[in-house]
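Participant: If you scroll down you'll find the structure; I have some questions about it.
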Amino acid sequence: MATVTNRRWLAGLAGGVALAATATVTRSPQLVGADGIALDVHGAIYVVTAQNLVLRVGADGAIETLATAADGLNQPSTAAFGTARGDQRTLYIANFSLFSPTPTPGVLTLDVGVPGRPLP
């Protein structure tokens, strides 16, 4: 079961002024080995884990499994949304695959149905 809490955290200094923001922290055994993340336009976080999972964590903390080893994941290490026209709903996932007994390095794609958050 996921738990969600709001916390204040120090984001950094801008012109000598400390910036703070409220963060949502979600805890779950599904997130063990979390490695890469990406964000969508609705505030969901996409997490790839060493457990061969791609998870979507909603703003309410609900966790949804989008892909597993059965979909070709092999120690995924990073995730990013496409940026080209018609590609913003595609999540690109890199398989690290270094410590696997049957390595399958590569890049997988997953249409998540929601555009990624544009990078500044």
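Participant: What single numbered condition from (1) at pLDDT 95 or above; (2) open to solvent by 60 Å² or more (accessible area, probe 1.4 Å) fails to hold for residue 103?
Facilitator: With (1) at pLDDT 95 or above; (2) open to solvent by 60 Å² or more (accessible area, probe 1.4 Å) applied to residue 103, the lone miss is (1).
Participant: If you check 86, 116, 72, which single one turns out to be of a type outside the set (D, E, K, R) and open to solvent by less than 20 Å² (accessible area, probe 1.4 Å)? Can you show your working first?
Facilitator: Working: 86 fails: open to solvent by less than 20 Å² (accessible area, probe 1.4 Å); 72 fails: open to solvent by less than 20 Å² (accessible area, probe 1.4 Å).
Residue meeting the stated conditions: 116.
Participant: Please identify the pairs in which a residue from region 95-110 that is closer than 12 Å to residue 52 by Cα has its Cβ atom under 8 Å from the Cβ atom of a residue that is open to solvent by 90 Å² or more (accessible area, probe 1.4 Å) and of a type outside the set (Phe, Trp, Tyr), counting only partners at least 6 apart or on another chain.
Facilitator: Filtered contacts from region 95-110: 95/105; 95/107; 96/35; 96/105; 97/105.
The values are calculated or read from the model by the stated rules, or taken from the named source; none is laboratory data. Keep in mind that this is a model prediction, so the values were computed, not measured. Glycine gets a Cβ as well: all are built from the backbone with ideal geometry, and neighbour counts include every protein chain shown. SASA here: full protein model, heavy atoms, side chains in, ligands and nucleic acids out. Shrake-Rupley method; radii C 1.70, N 1.55, O 1.52, S 1.80 Å.
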